[in-house]
Amino acid sequence: SISKICAVFRMAPATVRAGLSVLEKQGYIKIDARKASKVIYKSNPEMRRRSAAEYFVPRKKAIQDLLMSSELL
């Protein structure tokens, strides 16, 4: 619900509604009155792989450091 999102992220209801509206216009969610928003976005395996690479590759060194430090604990 909008009130839950507002509480978790400490945002005003108008800001949350605007964000949800943008997501709907971009084809990520479907908003129905008096119902929970529903995710309608469909990705493909290549897109998921590319997104994962864009996220994790720049963080490779930090992830390696984290793994090495966890062995010390």
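The values are calculated or read from the model by the stated rules, or taken from the named source; none is laboratory data. Keep in mind that this is a model prediction, so the values were computed, not measured. Here the Cβ positions follow ideal geometry from the backbone for every residue, glycine too, while neighbour counts run over all protein chains shown.
Filter the range 1-22 down to residues that are of a type in the set (Lys, Arg) and exposed (fewer than 10 other Cβ atoms within 10 Å of the Cβ) and give me whichever is nearest to ASN44 (Cα to Cα). The selected residue is LYS4.
Results for (1) outside the structural domain of SER3 (by TED's automatic domain parsing); (2) touching a Phe, Trp or Tyr at 6+ places or on another chain (Cβ under 6 Å); (3) not in a helix (DSSP H, G or I), shown as yes or no for each residue.
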position	(1), (2), (3)
VAL16	no, no, no
SER21	no, no, no
ALA36	no, no, yes
ARG49	yes, no, no
ALA52	yes, no, no
PRO58	yes, no, no
GLN64	yes, no, no
MET68	yes, no, no
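Selection over the range 23-65 of residues that are closer than 21 Å to PHE9 by Cα, surrounded by fewer than 11 Cβ atoms within 10 Å (Cβ to Cβ) and without any contact (Cβ under 8 Å) to a residue 12 or more places away in the chain gives a count of 3.
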